[in-house]
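Inspection log for the structure reproduced underneath, given as structure tokens.
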Amino acid sequence: MIRISRRAALAMPALLVPLSAQAQWAPARPLRFVVPFAAGGATDIVARVLSEPMGERLGQTVAVDNRTGAGGNVGVENVVRSAPDGHTILMGTTGTLTINPHLYPNMGFNPLTDLSPIGLAFATDHVLIVNPGVAAQTAQEFLALVRAQPGRLSYGSGGNGTSTHTVAELFKLVAQVEIQHVPYRGSAPALNDTVAGNVQVMLDQVASALPQIQAGRVRALAVTGARRHPALPNVPTVAEIGLVAAEATSWGAVMAPAGTPPAAIQRISAVLREALAVQTVKDRLTQVGAEARTSTPEELANYLRAETEKWGRVVRDARITVN
């Protein structure tokens with residue numbers, strides 16, 4: 001019989017630990033689920049939808065904690081500095097995990113190395129919307145208009161470096177058009193000004209733009225996902241209008257502080273996937289324009305690296321900076 005010393009056993013990679021042993025982890029107290037944005041946004045809503053079914057399965061309350069500021073960096077850093085014991089998790093996003101590292105060189109932490117992936121949670125496409133006063137009924141007419149009058153139209157975003165900024169800049173790069181950027185302190189005021197006509201264009205998340213589209217206050221011309229959005233079945237994708245490289249999806253992923261025990265990571269990941277498989281959870285996400293997405297921690301790690309590279313190119317090519 002081969003004998004393994006206690007020290008050697010403790011040094012073995014987590015992947016060699018039997019799943020039955022990893023599954024024995026259970027939280028000793030309530031979990032804190034940090035959302036790096038204000039309450040009421042898509043990220044916050046999804047975290048709250050997931051907190052109850054996750055808590056039921058873990059046997060402890062999962063309490064959402066909104067920590068805002070610096071484009072989400074305040075909340076992310078709060079998690080990075082928290083004890084890596086499985087009791088603090090983060091709802092990270094496209095911006096906070098893969099875009100901000102290219103915009104804030106002095107952040108003081110690196111999401112790829114200072115956080116441990118748990119699993120994807122949701123995705124939401126963006127939608128190209130215009131004020132009804134814009135003389136374009138289709139995406140093709142819109143592209144013809146902005147190419148004929150470069151720089152005349154302006155688009156609003158939730159601020160420099162946010163997804164509503166970077167997705168719009170990706171669209172501009174691929175379409176080779178010039179639309180002036182007007183940053184706001186959040187997507188809500190940018191959407192309000194698009195409705196009012198103070199800016200004419202926005203590439204907002206479907207989750208927040210949908211009520212305005214349904215009310216006829218803005219016109220939807222294209223969605224950025226790989227397929228048509230179920231809430232907007234008559235709106236073509238960017239690939240359908242000839243801009244396949246403009247495909248982009250905003251997403252949320254659950255993370256933990258680096259150094260969190262592998263057993264805790266695996267247990268929370270399994271619970272997250274179970275919660276996302278509940279039909280009422282799926283339905284609630286659909287109602288707010290989001291789609292349940294799942295992954296293993298390993299799949300998420302690979303995805304984060306690819307997304308970080310992708311958005312780094314956009315930030316460099318579009319020369320995006322933050323004030």
* Positive minus negative residues near Asp193 (Lys, Arg vs Asp, Glu; Cβ under 15 Å) -> +1
* **Modelled label reach - Leu173, point 7 Å along Cα→Cβ, region 227-249 residues with backbone N closer than 15 Å** => 244-249
* Asked: Which of (i) 1.02; (ii) 1.06; (iii) 0.94 is the computed Rg/Rh (Cα atoms, Kirkwood Rh) for the structure on display?
  -> (i)
* **Net dipole in debye of region 250-301 [+1 Lys, Arg Cβ; -1 Asp, Glu Cβ; about Cα centre; nearest 20]** => 120
* Structure fact -> With only helices counted (DSSP H, runs n ≥ 4, each -39500 (n - 2.57)), the per-residue ellipticity at 222 nm for the chain, to the nearest 500, works out to -12000 deg cm²/dmol
* **Dipole magnitude of the chain, debye to nearest 20 (Cβ charges: Lys/Arg +1, Asp/Glu -1, about Cα centre)** => 480
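Where Lys and Arg each count +1 and Asp and Glu each count -1, what net charge lies around Asp85 among other residues with Cβ under 14 Å from its Cβ? Provide the component values of the computation, followed by the final result.
Details: positive: Arg29, Arg32, Arg81, Arg267; negative: none.
Once all neighbours under 14 Å are counted, the net charge is +4.
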* Structure fact -> Given the candidates Pro189, Phe122, Ser82, the one whose Cα lies deepest towards the positive end of the charge dipole of the chain, counting +1 at each Lys or Arg C-beta and -1 at each Asp or Glu C-beta, is Ser82
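If you count, for each residue, the other Cβ atoms within 10 Å and average over each peptide, how do 306-316, 200-210 line up from highest to lowest?
Numbers: 306-316: 15.8, 200-210: 26.3.
Per-residue Cβ counts within 10 Å, averaged per peptide and sorted highest first, yield 200-210, 306-316.
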* Once you have the Cα-Cα distance between Asn198 and Ala318, take 0.36 nm times their residue separation minus that, and quote the gain in nm to one decimal. => 40.8 nm
* Asked: So what are the radius of gyration and Dmax for the Cα set of region 125-246, in Å?
  -> 12.6, 33
* Chain lengthening between Ala306 and Ala63 when straightened (0.36 nm per residue, less Cα-Cα) -> 84.4 nm
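Could you give the dipole magnitude of region 125-246 about its Cα centre, charging the beta-carbon of Lys and Arg +1 and that of Asp and Glu -1, in debye to the nearest 20?
Working: 8 positive and 7 negative charges, 18 e Å.
In debye, rounded to 20, region 125-246 gives about 80.
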* **Distance between modelled label sites at Ala83 and Thr138, nm, 7 Å Cα→Cβ extension** => 6.2
* What FRET efficiency do you get for His181 and Leu112 if R0 is 41 Å and r is their Cβ-Cβ distance, rounded to the nearest 0.05? -> 0.90
* Simple spin-label model, 7 Å along Cα-to-Cβ: Asn160 to Ala26 in nm? -> 5.1
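Each reported figure results from applying straightforward, stated rules to the coordinates on display, with no laboratory input. The model shown is predicted, which means the values in this text are computed figures rather than measured ones. Backbone-built Cβ (ideal geometry, glycine too); neighbour counts: all protein chains shown.
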